[in-house]
1. The stretch B:266-282: which residues show an accessible-area loss of 50 Å² or more, assembly versus chain alone, 1.4 Å probe?
2. Please report, in whole Å, how far the alpha carbons of chain B spread along each principal axis, starting with the longest.
3. Tell me the angle of helix B:149-165 to the major Cα principal axis of chain B, expressed in degrees between 0 and 90 and rounded to the nearest ten.
4. Gap in Å between the Cα centre of the stretch B:76-91 and the Cα centre of the stretch A:234-283?
5. What does the charge count near A:K336 come to, summing +1 for each Lys or Arg and -1 for each Asp or Glu among other residues with Cβ under 13 Å from its Cβ?
6. Divide by every residue of chain A the summed helix terms, -39500 (n - 2.57) for each DSSP H run of at least 4, and state the resulting mean residue ellipticity at 222 nm, rounded to the nearest 500 deg cm²/dmol.
7. Determine the order of A:S202, A:S63 by accessible area, beginning with the largest, at a probe radius of 1.4 Å.
8. Taking each residue in B:373-383, count the Cβ atoms of any other chain within 10 Å of its Cβ, then average. What number comes out?
Number of protein chains: 2
Amino acid sequence: MIDLETIVTAHERISKIVDDTPFSYAPRLSEQSGCEIYLKKENLQVTGAFKIRGAYNKIASLSEHERSLGVITASAGNHAQGVAMAAQIFAINALIVMPESTPLTKINGVRYYGAEVILSGSNYDEAYAYAYEYSQKNEMIFVHPFADEAVMAGQGTIALEMLNAIPDLDAIVIPVGGGGLISGMASCIKQISPSIEVIGVSAMGAPAMRESFEAKRAIDSLSVRTIADGIAVRDTSPLTLGHILDTVDTMVGVDDEEIANAILFLLERQKLVVEGAGAAGVAALLHDKLPHLKGKKVGIVLSGGNMDVTLLSIIIEKGLIKSGRKMKLTVTLIDKPGALMQLTRMLQELNANIVHIEYDRTSTSLAYGDANVRIHLETKGEEHQAQIRSSLHEHRYLSSEEN
Amino acid sequence: MIDLETIVTAHERISKIVDDTPFSYAPRLSEQSGCEIYLKKENLQVTGAFKIRGAYNKIASLSEHERSLGVITASAGNHAQGVAMAAQIFAINALIVMPESTPLTKINGVRYYGAEVILSGSNYDEAYAYAYEYSQKNEMIFVHPFADEAVMAGQGTIALEMLNAIPDLDAIVIPVGGGGLISGMASCIKQISPSIEVIGVSAMGAPAMRESFEAKRAIDSLSVRTIADGIAVRDTSPLTLGHILDTVDTMVGVDDEEIANAILFLLERQKLVVEGAGAAGVAALLHDKLPHLKGKKVGIVLSGGNMDVTLLSIIIEKGLIKSGRKMKLTVTLIDKPGALMQLTRMLQELNANIVHIEYDRTSTSLAYGDANVRIHLETKGEEHQAQIRSSLHEHRYLSSEEN
């Protein structure tokens, strides 16, 4: 357990740099989950994620001499930005090692704070190995993304702010990857209000820490795959695992589909961009992974908002189909003038907006003289789609649907 | 000018219902615009927009008898939700008239608060006419979306909160449609700190109030067309125009392209979903419509976040192309086995991700034996696209680009 005093000191250090982000009631989510839910909006934090807290506290806790050596880390994500920004504030050198495939936006996000970027390795583990070796050879301070007490203490400051704002929470839900965030926060919570249930949520595609928690020993994964890249950690750190076994009450997993639904929910209902890792807690509540919380007062950490808009656009598209606001149809027509007009007139009468259309008359499944039209429609929900289906049926169209 | 006391009274009334939304520094926007910018995040307000302020204040200012008659309004947007929620709090009847084409999500958004919905008219003006006539015939209280002093006073409370948080602003930038928001806010600002410049931003596609401001007389538009539906008002209200001529210093216009850029900027940089109307102020700053503000301390109102995710998805897609993160190519190949493989191998070596592909060999512009491949690529920016172009050239591919 990280000492409460260490976390309080961290909070004093970071609070001139870091925002006490909004922690506010979420009416729709409360209604939908049957809990009284408050969201801690660390996606609105400086750098778009909580990681600046730990990174800044780490660098602030170094000696003048250590700082003069410069800092190095491996990360393509929020930790990289946190280290870069903290280093910039202290006007020291920062070197960030990123995998070679890192998108330019992430590289630029770090360069913006004046850090130097090295691209090395085909995945995170290789970048990490390179960075660690580099730090040893060149005598730079390695800032670990989670397995470091000063980093964990910095992340733990979120719990201080939450308990300060709403002391009588019944449970706090926290995303878990490497376990730095939950180690710091749970340490803080258990020293202030031990009766508050601390719940970790990990991605099903990156289950190392959850499995380790259940087995009470470090279990690594063979590989990780999840849209929640902020918690896509393959190996379990014995350091964070130790803190987690001491302080965390419950761990659950959510899959990518559930995470995507939570991202879309937060976008539509809360007007917030929250990345996959950040939405894990909301995913657990929306998908009833924590039924024992019904009627309880629950705080959820939205840990960050740094999501690629390309992924966001895919999540929106799939979400529109799942929620009945988009429909993909293939309709078979007689291949003659006027046939398409009849179909589109029927759709216009049904108030369905055509957003994509393709015409194919060479599919081998077609009778000669027939053609297939693939149509994407904007629809108003399940009821509207049912109307469209029954109208197609009435007009004797052969049709099928894609998901 | 609305009396300051009226606005202060409104604030006392609404503050148990309405959030004092975050008003916080925007580092990237400040840097990009050369101003010191703070954003008032009314998109995070209850109901997702500021309109609850005016609607609640109006209903709260009615007599018991008036309230017992029930309220009615015409709106397909944020005002409808504001009236519905306020009526629910007072446990009175609310009737919302919406145009027939209103999307189901907006209808449900209002029904959620227990209001009754009538669909009438093929556009807003027809819905408005129906609602007004209905209110007269059935003796219900009509809650105008802007041309009402109690509504304006409610909206003006935003300025109280902003000046309370940051008293030394040089300018405040406010979206303008019907003019209720800016009338209330400017009245408040000019009575507290007359030296603060009040700037209105309207959509180029809905210029009535801006043109009226310039001409100093009410000018109506023939039609409106903008993605900022929250400020898509056709006719100028003499009531709000009077207040605006009294209190507003400057008015500028932004077009849909600029608004879309601002929406994407807020999504990526601020992690916020802001609707078209809400992003108008940021659009003006991003696109240098207010060059005299350089170096000044500026507050911008993000008035709401209720945007259709379908539109959001289109804005993201177009934004990706504009910012060099997506590329649409047509490449001419020799129509034989292996040709496509050679092209895709080249693209793989360039680290360009193919997200859409179509093969066409019947275009009349093609030589016999050739085929066109339309490819959409995910790219890493302008530099990466230049690499792809030069590699295509080197390999002697004929290619063209779409925007």
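1. Buried on complex formation: B:K271, B:V273.
2. Result, largest extent first: 82, 49, 39 Å.
3. Helix B:149-165 sits at roughly 70 degrees to that axis.
4. Value for the Cα centre distance between the two parts: 34 Å.
5. That works out to -1.
6. -13500 deg cm²/dmol
7. A:S63, A:S202
8. Mean partner shielding for this stretch: 2.
The values are calculated or read from the model by the stated rules, or taken from the named source; none is laboratory data. Note that the structure is a prediction, hence the values are computed from the model and not measured. No Cβ is skipped: glycine too gets one built from the backbone with ideal geometry, and neighbour counts run over all protein chains shown. Side chains included, ligands, DNA and RNA excluded: accessible areas come from the protein's heavy atoms. Shrake-Rupley method; radii C 1.70, N 1.55, O 1.52, S 1.80 Å.
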